[in-house]
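I have placed the structure first, in the form of structure tokens, so that the comments after it can refer back to it.
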Amino acid sequence: LVVEGGEHGDVVEGFAAFDHEENGSQSDTGADGPLLGTVLERSVFARGGSFEDRARAFAGTVCLSSDTGHAVHPNYSERHDPTHHPRANGGPILKVNVNMRYATDGSGRAVFAEACEKAGVPMQNFVSNNAMPCGTTIGPITAARHGIKTVDIGVAILSMHSARELCGADDPYLLANALVAFLEG
């Protein structure tokens, strides 16, 4: 959160983890509830900021919404977009969907690509196959509810929603390095 107004203008880094993501995020502690907005507003007001400062802070903020995404399964590669085949140990994925099932837009993509480049981390794109239904993340909720630029990212995994999801051993480390570069940005 970039707080420019008030007595103590500064950048406030935050981490939010929400309940109820798999069943719609609609609860008092879910992403579609009031918790994030309330905490962010209080961060602005506690520093002496006004409502206008809050609007500027939200507009100047970038949120990285980190979840997982589908790696190309060798037995079902036809289910992926033919030009995007994210793989395990290929680095973090940037998720894009024309119907905004993911919140990433062009300027958000540039922010994350710059962080990956700064960290020396490879980045992959995930675009769902238009012939297949697409899930979503809490990213679009954050973007729409709060007006905060949100970028959907994560690591590529096999067997999403199974009892044995798995990712490449290098990917959490690569994602962490990209996140550090983003925060140091």
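Here the contact order of region 55-174, divided by its residue count and restricted to Cα pairs under 8 Å and six or more residues apart, works out to 42 percent. For the pair GLU114 and THR83, label points projected 7 Å from Cα toward Cβ lie 2.5 nm apart. Computed from the C-beta positions of GLU21 and VAL98, the FRET efficiency with R₀ = 30 Å rounds to 0.85. Rounded to two decimals, the Cα radius of gyration of region 100-185 over 2.2 N^0.38 Å is 1.16.
Taking GluC sites (Glu not before Pro) in DSSP loop states with no more than 12 other Cβ atoms inside 10 Å as exposed sites, the chain has its longest site-free stretch at 14-164. For the chain, what % of the accessible area comes from carbon and sulfur atoms, probe 1.4 Å? Here carbon and sulfur together make up 52 percent of the probe-accessible area. Taking the chain as a Gaussian network of alpha-carbon nodes connected by springs under 10 Å, the highest mean-square fluctuation of the residues GLY168, GLY154, GLY139 belongs to GLY168. Remark: the chain carries 55 Å² of accessible area per residue (probe radius 1.4 Å; ligands, DNA and RNA excluded). With only Cα atoms counted, region 15-122 has Rg and Dmax values of 17.5, 57 Å.
In order along region 147-153, the Karplus-derived 3J(HN,Hα) couplings, from 6.51 cos²θ - 1.76 cosθ + 1.60 at θ = phi - 60°, round to x, 9, 4, 10, 10, 8, 9 Hz, and Gly and Pro are given as x. Dipole of the chain (Lys/Arg Cβ +1, Asp/Glu Cβ -1, origin at the Cα centre): which of VAL11, ASN177, GLY37 lies farthest to the positive side? Of the listed residues, the answer is ASN177.
Amide H contacts under 5 Å for ASP67: ILE153, GLY154, VAL155, restricted to partners 5 or more places along the chain or on a different chain, H placed in the peptide plane at 1.01 Å from N. Backbone geometry of region 81-91 corresponds, through the Karplus equation with coefficients 6.51, -1.76 and 1.60 at θ = phi - 60°, to 3J(HN,Hα) couplings of 4, x, 9, 10, 10, x, 10, 4, 6, x, x Hz, x marking Gly and Pro.
The values are calculated or read from the model by the stated rules, or taken from the named source; none is laboratory data. Here the structure is a predicted model, which is why all the values come from computation and not from measurement. FYI the Cβ positions are ideal-geometry reconstructions off the backbone, even for glycines, and counts take in every protein chain you see. SASA here: full protein model, heavy atoms, side chains in, ligands and nucleic acids out. Shrake-Rupley method; radii C 1.70, N 1.55, O 1.52, S 1.80 Å.
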